[in-house]
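Below: the structure, in C-alpha cells.
The values are calculated or read from the model by the stated rules, or taken from the named source; none is laboratory data. If you're wondering where the values come from, they're calculated on a predicted model, not measured in any experiment. Here Cβ is always computed from backbone atoms with ideal geometry, including for glycine, and neighbour counts include all displayed protein chains. These area figures cover heavy atoms from the full protein model, side chains too; ligands, DNA and RNA do not enter into them. Shrake-Rupley method; radii C 1.70, N 1.55, O 1.52, S 1.80 Å.
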Amino acid sequence: MTEKIDCTIIGAGIVGLAVARALALDGREVIVLENQDAIGTVISSRNSEVLHAGIYYPEGSLKGKFCVEGREMIYAYCAERGIGARRCGKLVVATDDSQIPALEDLWAGAKANGVDDIEWLDADQAISLEPALHCVAALLSPSTGILDSHAFMLSLQGEAEDRGAMIAFNSPVVGGRATDQGIALEVGGAEPMGLICANLINCAGLGAQDIALSIEGMADEKVPPLYYAKGSYFFLSGRAPFSRLIYPLPTTASLGMHYTLDMGGQGRFGPDVEWVDEIDYTVDPRRAAGFYQSIRRYWPEIEDGSLRPGYSGIRPKLQAPGEPVRDFVIQGPEIH
C-alpha cells in the first residue's frame with residue numbers, strides 16, 4: 001500500500017522536530033520517519049547542550065547569522081514554556097602570551113557577527129570571576145548558556161503532534177525515487193510501506209548523505225562528503241570548579257577541550273577529536289591522559305583520577321581533517 005502525504009521529514013532529532021513543528025503550525029500535513037524507537041537518540045542527545053553565542057564563525061557567514069539570531073529565539077522559546085535554560089556565560093581563555101593574537105581575532109570576529117555583549121578581560125579580571133582558572137586573558141560571553149535538550153525536543157514533538165504531525169518510529173527509509181507525483185519512498189521496519197510525498201526534508205543527521213544517495217534522481221555530485229569526528233566526554237568527580245563554561249581557543253575541527261555544566265550542576269570535559277571511519281560510541285578510558293594534559297593548561301589543580309568516562313558523540317563534518325570549516329549551503333530550485 002502506498003500512502004500520499006504533503007510533507008515527509010526524515011529524522012526526529014532536534015532539527016527534524018523543529019521543522020515538523022514549523023510545518024504543522026503552518027497547517028501542513030506532516031509525517032516524521034525515524035529509524036530509532038524514540039526522538040533525539042543520536043546527535044541530539046550526544047553533545048554539550050550548550051547554547052552558543054555566535055563567536056567562532058567567519059564574518060558574514062550563514063553559521064554566524066543563524067547562531068546569533070537562533071540563540072535568542074531558543075532562550076525566548078524555553079522561557080515561554082518553562083524549559084530549563086540558563087545564561088551561565090562562558091570564558092574563552094588564552095593560557096599563554098602566544099595565544100593573545102588568536103584571542104584578539106576571535107574577539108573582533110565575534111563583534112563583526114553581532115555578538116555585542118562580548119567583553120575582553122585581563123588575567124586578574126578573569127580570575128576574579130573564576131578563582132580556579134589559569135589564563136593570561138579571556139573573552140567573557142554572557143549570552144552563552146546551557147539547556148535541557150531533551151525537554152526542548154519533547155516540547156517540539158508535543159507542539160508538532162498537537163497540530164496533527166505524526167511521528168513513525170522504527171521506520172527506516174531504505175530508498176526512493178523522484179516521480180511525476182512526488183518523491184516515492186520505501187520505508188522499512190516491521191511493517192514496510194511505500195510513501196509518496198510532495199515535499200521531502202532530509203534531517204537524518206549521520207545518515208543524511210546515505211539517504212540522499214539512495215534516492216534515484218538526486219544528483220550524487222550535489223551530496224557533500226561526510227567525515228566522522230568522534231568526541232568523547234569525561235565526567236568530573238566531586239565539586240564543579242567553575243560556575244561558567246570554560247573554553248580554550250578553538251582548533252579547526254573543534255572548540256577545544258572545554259568545561260561545561262549540565263542543568264543539574266554536573267561538570268564534564270570534552271569533547272576531544274578522533275577522526276573515525278565507523279560509528280562507535282565506546283569511550284576509551286585511556287583517552288583521559290590527553291584530557292588531563294589539555295585541562296591543566298587552564299585548570300592546573302585538577303587531580304589525577306578525578307575524571308571518569310562519560311559518553312561520546314559523532315559530529316558529521318563536511319570538511320576533511322585539516323581543512324577549513326565550511327559554511328552552510330543553500331541550494332534552490334535552480335539546482336534541485
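Numbers at a glance
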{"quantity": "Structure-based [θ]222 nm, the chain - -39500 (n - 2.57) summed over DSSP H runs of at least 4, per residue, nearest 500", "calculated": "-7500 deg cm²/dmol"}
{"quantity": "Under 15 Å, Cβ to Cβ, from P300 - net charge with Lys/Arg +1 and Asp/Glu -1", "calculated": "-3"}
{"quantity": "Accessible area per residue in Å² at 1.4 Å probe, computed on the chain", "calculated": "48"}
{"quantity": "Charge sum, other residues only, whose C-beta stays under 12 Å from R177's C-beta, Lys/Arg counted +1 and Asp/Glu -1", "calculated": "-3"}
{"quantity": "Span from the the stretch 175-238 Cα centroid across to the the stretch 305-324 one, whole angstrom", "calculated": "22"}
{"quantity": "Where the Cα pairs of the stretch 141-181 fall when distances are cut into 10 Å bins, in %", "calculated": "20, 27, 30, 17, 6, 0"}
{"quantity": "GNM result for the chain, Cα springs below 10 Å: residue of F66, F152, F235 fluctuating most strongly", "calculated": "F66"}
{"quantity": "Chymotrypsin sites (Phe, Trp or Tyr not before Pro) within the stretch 259-336: DSSP coil, no more than 14 neighbouring Cβ in 10 Å", "calculated": "Y281, F328"}
{"quantity": "Accessible surface of the stretch 297-336 [probe 1.4 Å, protein heavy atoms]: carbon and sulfur percent", "calculated": "54"}
{"quantity": "Three principal axis lengths of the stretch 1-117 [C-alpha, angstrom, descending]", "calculated": "67, 29, 26"}
{"quantity": "Set of lysines with alpha-carbon distance to K111 below 22 Å, sequence-local pairs under 8 removed", "calculated": "K63, K65, K90"}
{"quantity": "Over the stretch 125-273, volume per residue of the alpha carbon convex hull, in Å³", "calculated": "184"}
{"quantity": "Rounded to 10°, Cα long-axis angle of helix 100-112 versus longest principal axis of the chain", "calculated": "50"}
{"quantity": "Total formal charge among the other residues, if their Cβ is under 10 angstrom from that of F328, Lys/Arg +1 and Asp/Glu -1", "calculated": "+2"}
{"quantity": "Mean projected area in nm² (Cα convex hull; one quarter of hull surface) for the chain", "calculated": "18.1"}
{"quantity": "Accessible-area ranking of H150, H258, largest first, probe 1.4 Å", "calculated": "H150, H258"}
{"quantity": "Percent of C-alpha pairs per 10 Å bin, the stretch 285-328, short to long", "calculated": "21, 32, 31, 15, 0"}
{"quantity": "Quarter of Cα convex hull surface for the stretch 262-336, i.e. mean projection, nm²", "calculated": "8.5"}
{"quantity": "Gaussian network model of the chain, springs between alpha carbon atoms under 10 Å - residue of T144, T95, T282 with greatest fluctuation", "calculated": "T282"}
{"quantity": "Separation in nanometres of the label points that stand 7 Å from Cα toward Cβ, at E303 and A132", "calculated": "1.1"}
